[in-house]
Amino acid sequence: MANNKYYHIGFGIEDLGKSPPTIALLSGDPQRSQLIAQSYLQSVRLLSENRGLNSYLGILPNGRVLLSATSGMGAPSLSIVVNELIQVGIRLIIRVGTCGSIQEHVPVGSIVITNAALCRQGAANDIAPVEYPAAADPFLTVALVKAAQALKVNHHVGITASVDTFYEGQERRDSAHPYLLRSLSGITEEYRRLNILNYEMECGTLFKMASVYGFRAGCVCGVVAQRTVGEEVIVEQKSIAVDNAIQVAVQTALQWEEPM
């Protein structure tokens, strides 16, 4: 850490003011982090744009200070950001992401609230053994569900396949190089039969970090692809899915009360 700023996130504890945040909404996309800050927070201040990991400090309508931060794509990048966020005092992280549904009853535009992850990520193996559970904080998961219900957002709760790669690991053949390892051929159908709801690329590592390092973590993702139909992201409905996920995460942060 140089000049009291952490090397990757680009800011330090001193930059967070007299009432530093303990809650962060963490997005893979820096534009989503900016959207959250500009649309839902007051007195917004840009903390850093270092390495494209944009971070914003702002205030919710109830006066709670909130951090809207960027993890970058994939678990290795997220693991770096989360490690540094914990060191500046963050104690609760909600991942606000996008995902691809692998179940017919989980449509594009809806959201998935992950209660646990099938974690197939190399970064997670540096945090805890393969067999170590990747589970969301139960109190935070319930809070996300209650927020979705209050907002009347079409939501689904269940297990997510959290994998390292967008193309190979999610068995994309038509939109990528057609070669797949034999171990990945047919993996989507296998996961479907295991009642896994969706694919994404970060939450498994986030959940393991939370359990090992002692903070709360949850995940809400907007569904932007329906893998029972095709591989492509449905761009026309992406903004709806993302807005739904953001609103649920913000409402949860706004109403969060630490369990007794």
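The values are calculated or read from the model by the stated rules, or taken from the named source; none is laboratory data. Nothing here was measured: the structure is a model prediction, and the numbers come from that model. Cβ placement follows ideal geometry from the backbone for every residue including glycine, while neighbour counts extend to all protein chains displayed. SASA here: full protein model, heavy atoms, side chains in, ligands and nucleic acids out. Shrake-Rupley method; radii C 1.70, N 1.55, O 1.52, S 1.80 Å.
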Length-normalised contact order of the chain, Cα under 8 Å, at least 6 apart, in percent, tallies to 24
The Rg/Rh figure for region 1-123, Cα atoms and Kirkwood Rh, to two decimals is 0.99
Measuring from the longest principal axis of the C-alpha atoms of the chain, the long axis of helix 30-40 (C-alpha) lies at a number of degrees, nearest 10, equal to 60
In region 8-93 the accessible area split gives carbon plus sulfur, as whole percent at 1.4 Å, a share of 50
When the chain is treated as a Gaussian network with springs between alpha carbons less than 10 Å apart, the largest mean-square fluctuation among Ser43, Ser19, Ser211 is found at Ser19
Once Asn62 and Leu151 are pulled to full extension, the length gained, defined as 0.36 nm per residue separation minus their Cα-Cα distance, is 30.3 nm
When the charge dipole of the chain is computed with +1 at the Cβ of Lys and Arg and -1 at the Cβ of Asp and Glu, the Cα pointing farthest to the positive end, of Gly97, Leu118, Leu66, is that of Leu66
One checks the Cα atoms of region 1-72 and finds Rg and Dmax, in Å, of 11.4, 34
Ordered by number, the trypsin sites (Lys or Arg not before Pro) in region 106-181 that occupy a DSSP loop and have at most 16 other Cβ atoms within 10 Å are Lys152, Arg173
Computed on Cα atoms only, the convex hull of region 61-110 has an orientation-averaged projected area in nm² of 5.4
For region 84-198, the Kirkwood Rh over every pair of distinct alpha carbons, in Å, works out to 15.9
Filtered hits (lysines, Cα-Cα < 27 Å from Lys146, offset >= 8 within chain) -> Lys208, Lys238
The helix 235-255 Cα axis meets the longest alpha-carbon principal axis of the chain at an angle in degrees, between 0 and 90 and rounded to 10, of 40
Taking the reciprocal of mean 1/r across every pair of different Cα atoms in region 139-260, the Kirkwood radius in Å is 16.1
Note to self: C-alpha centroids of region 148-199 and region 6-48 sit apart, in Å, by 30
Which of [x] 39; [y] 54; [z] 44 is the computed percent of Cα pairs over 25 Å apart? It is [x]
Free-by-geometry Cys in the chain, Cβ-Cβ under 4.7 Å as pairing rule, reported as Cys119
Averaged per residue, the 1.4 Å probe accessible area of region 185-260, protein heavy atoms only, in Å², is roughly 42
